[in-house]
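Worksheet: the structure to be examined is printed underneath.
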Amino acid sequence: MPPLKQMDKTSAEDKSIGFDYQYYYFLNELINLKSGQSVGLEVMDDVHSKLSESVQVLVQLKHTIQTKVDGAPKNLTTLDPDLWKSLSNWCKVISDKEAGRTTETNQLSFVNKTYFLLVSNKSDNEENATLQAVKRYQGREISHLKLLGLLKSLETTNASIKQYKNDVLGLKDAVSEKFFDNLNFDLGCDEIINKCKASIKEKHIDDSKIDDVFSDLDSRLRENNYMAVKSKEKIVISFEEFHKNYRIYFDKARNKKLTIRPLIDLLPDNLIEQTFIKQLLDITDVSVDDIEEIADFTTKRLHLRNNIDQWYREGDITQDDIDLFEEEAKLSWKNKFRALYRKGLNEKQHVAAALKLLDDLREKKISLAGECLPLKMCNGNLYELSDRPEIGWRNDWKKKYI
């Protein structure tokens, strides 16, 4: 394998996915907040939770893109830097002079109300002597003194790991005992986005709406976090704040209103060749040079069509609802069409009548399944019907397009 370029060595890929991993863990904690609780992002730790006045959780999150032969994330090893650096960080927090925790009494007071959680997509394994020693201590299979002896006996030539070990082994005995009692691991935590979606589902959100709620929460939270950081504010959100600012996305998913989703499909290559555009060109509503206008009309048509298709697939509307919606639009068109073309018209009058028909219908809203759709979607329906074509603007539209 050729040596890595410097640009590859300094790639932000690892840091980027590590931050996203941390962020989505934070989001999942927010979704699961209970009254009186709060969650912070990069304040007291990577993530921290205040469960009550007397209980808090400090969370270190470590993500790897390195994999084993089978493609799964690699194991957390006995002398893994992620493991020992986390332990060291927590021990430094416990004995932080700036926080006034220089005495054993103050350190014990802090540790007694604090749980320490290492979350990683790295896997747990029986060969990890560090984890096995901690588990044996917590199961009271070995004494605290034996635990420290096992950790001390772990040999390494890595100067950083040696220092991390010194930080951990340097705690006072009583403080160290409580620290290891309150130490927890959540390993193999890889599908963090799916965890968020599972948490949303537990809020009694229908499966068909989960992605919408997730997308709305994700977008709004990222924006609010950005604004908070820009304003030099700490990102700490209480249950009450989350309920006030984000409840609307859950409420929207629970009500019967149709969820209008943005258009994500690409526009067709040859916009001019669409039948509905040809009809608009014929009545001089647009010209071949009006590319932006033609693209906008096409977007409205596809936006309407895609949403109707998805609502139907998800069971939000029936085929009868769709038929009634289109029949209402076609009846409005038919009535106005008949009124305008009762008597013969010359070509100039013909175009004027067609434009009036189109302009009038563009201002009309129509309901689908009892819900009045936005005007742009009603316009999209006109373009869809005239593209099939089931309606037209000129008196001779059937001869030209069917």
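The values are calculated or read from the model by the stated rules, or taken from the named source; none is laboratory data. Because the structure is predicted, anything quoted here is derived from the model rather than measured. Here Cβ is always computed from backbone atoms with ideal geometry, including for glycine, and neighbour counts include all displayed protein chains.
Here are the numbers:
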read-out	value
Failed criterion for M227 (all others in (1) loosely packed, with under 14 Cβ neighbours inside 10 Å; (2) in the same structural domain as V43 (by TED's automatic domain parsing); (3) in contact with a helix residue (DSSP H, G or I) (Cβ under 9 Å, 6 or more places away or on another chain) hold)	(3)
Filter pass, D14 being acidic (D, E), modelled with pLDDT of 95 or more and assigned by TED's automatic domain parsing to the domain that holds D190	no
All positions within segment 33-76 that are of a type in the set (V, I, T), modelled with pLDDT of 95 or more and farther than 19 Å from D186 by Cα	V43
Scope segment 331-376; condition acidic (D, E) and more than 20 Å from R301 (Cβ to Cβ); matching residues	E347
Condition check for E384: closer than 17 Å to D285 by Cα, buried (at least 20 other Cβ atoms within 10 Å of the Cβ) and of a type in the set (D, E, K, R)	yes
Residue match in segment 355-368 (condition: crowded, with 16+ Cβ neighbours inside 10 Å, under 26 Å from T259 (Cβ atoms), under 35 Å from the mean Cα position of the chain (by Cα) and among the hydrophobic types (A, V, I, L, M, F, W, C))	yes
Qualifying positions in segment 53-84 - under 21 Å from Y115 (Cα atoms) and assigned to a strand (DSSP E or B)	V55, Q56, V57, L58, V59, Q60, L61, K62
Qualifying residue in segment 207-221 (condition: among the charged types (D, E, K, R), over 22 Å from K252 (Cβ atoms) and in the same structural domain as H48 (by TED's automatic domain parsing))	no
Residue list for segment 247-268, filter: part of a helix (DSSP H, G or I) and surrounded by 17 or more Cβ atoms within 10 Å (Cβ to Cβ)	Y249, F250, A253
Those residues of segment 369-402 which are touching a Leu at 6+ places or on another chain (Cβ under 7 Å), at pLDDT 95 or above and outside any helix (DSSP H, G or I), in sequence order	I391, W393
Residue among K50, K92 that is part of a helix (DSSP H, G or I) and either closer than 27 Å to K232 by Cβ or within 23 Å of the chain's Cα centre (by Cα) (or both)	K92
Residue match in segment 229-247 (condition: over 22 Å from the mean Cα position of the chain (by Cα) and aromatic (F, W, Y))	no
Residue count, segment 186-220 (criterion: charged (D, E, K, R) and within 12 Å of the chain's Cα centre (by Cα))	7
